[in-house]
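**Q** Have a look at this one before I ask anything.
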Amino acid sequence: MCLALLLAIPARSLSDIGLSTVANDPRPSASFSAQKKSQCIPVNTPPGFPDLRPCIWPDLLRLVTNGNVGQAPSALPTEVEVESVTVDIRWRMFTPQHVLLHHDQKTVLRFRNHDTELHTVVAKELFFGVDLNVGGNGAPEFGPEGLKRVIIPPEGLIEIQFTPSRTGTFSYLCDMPGHDMQAVILVE
């Protein structure tokens, strides 16, 4: 594929377009020459192509990148910082017992079940009316108000991606029979 692409484009050297090999050279670039030049192929090309010459990869890279080799791209989209919190479930306890999240900040909240029994995460008030994605190997249950609970299998993991829309203190629990597990999420 590389050979086909390179054969379709006439080879140009830096001198053909008025560039030097020095980064940030102030010389203006000229337009491409209309002369027919030999095609560019990799150095290890089999014999039988007498009019083809080996590529000079740094020069080719400069041509492909418009001379911006070694410079940071100028128009990359900015990344949104994601808050990531993991709550471990072990010995019928949520650890940590208190989690701090931030209002209007994209969040990934993970619950990892290290026990050998099923657990649930029930936090109705936190997820009321919030757009979210639930991933992992748990089983989410939804109702008219949104996410009701997620059942997490033994050695399982769930991942809830959302943006907290309200501030406050939100309790959550495991509602499996006999499990007395509760913890708190604080959104500031």
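**Q** Pop out the ³J(HN,Hα) list for region 172-178 in order, Karplus 6.51 cos²θ - 1.76 cosθ + 1.60 with θ = phi - 60°, rounded to Hz; leave Gly and Pro as x.
**A** Per residue, the Karplus-derived 3J(HN,Hα) values read 9, 8, 9, 9, 6, x, x Hz.
**Q** Could you please report the charge total around Gly178, scoring K, R as +1 and D, E as -1 over all other residues with beta-carbon less than 15 angstrom from its beta-carbon? Let's see the in-between values first.
**A** Values: positive: Arg92; negative: Asp115, Glu117, Asp175, Asp180.
My count for the surroundings of Gly178 gives -3.
**Q** Now, a different point. Using modelled amide H (1.01 Å from N, peptide plane; none on Pro or chain starts), what sits under 5 Å from the amide H of Met181, excluding residues fewer than 5 places away?
**A** Under 5 Å from the amide H of Met181: Cys174.
**Q** Relative to the present Cα-Cα distance, how much length would full extension add between His102 and Thr116 at 0.36 nm per residue of separation?
**A** Extra length from His102 to Thr116 when fully extended: 1.8 nm.
**Q** Treat every Asp and Glu Cβ in region 105-188 as -1 and every Lys and Arg Cβ as +1, leave all other atoms uncharged, and give the resulting dipole magnitude about the Cα centre to the nearest 20 debye. Write down the numbers at each step before the final one.
**A** Working: 7 positive and 11 negative charges, 50 e Å.
With only Lys, Arg, Asp and Glu charged at Cβ, the dipole is about 240 debye.
**Q** Considering only the other residues whose Cβ falls under 13 Å of the Cβ of Pro96, what net charge follows from Lys and Arg at +1 and Asp and Glu at -1?
**A** Surrounding charge for Pro96 is +2.
**Q** Separate question: Between Thr95 and Ser171, what length comes free when the chain is fully extended (0.36 nm per residue of separation minus the Cα-Cα distance, one decimal in nm)?
**A** Length difference between fully extended and current span is 26.0 nm.
**Q** Let me ask another. Mind checking the dipole of region 88-143: about its Cα centre, +1 per Lys or Arg Cβ, -1 per Asp or Glu Cβ, Debye to the nearest 20?
**A** Values: 6 positive and 7 negative charges, 32 e Å.
The dipole of region 88-143 has a size of about 160 debye.
**Q** In whole Hz, with x marking every Gly and Pro, tabulate ³J(HN,Hα) for region 137-143 from phi via Karplus 6.51 cos²θ - 1.76 cosθ + 1.60, θ = phi - 60°.
**A** Result, ordered by residue: 9, x, 10, x, 10, 10, x Hz.
**Q** For the pair Asp88 and Leu186, how long in nm is the line joining their label points, each one 7 Å along Cα→Cβ?
**A** With each label placed 7 Å out from Cα toward Cβ, I get 2.2 nm.
Read-outs throughout are calculated quantities, based only on the coordinates presented, and are distinct from any laboratory measurement. Given the structure is predicted, the values throughout are model-derived calculations rather than measurements. Don't worry about glycine lacking a Cβ; one is built from the backbone with ideal geometry, like all the others, and counts go over all protein chains shown.
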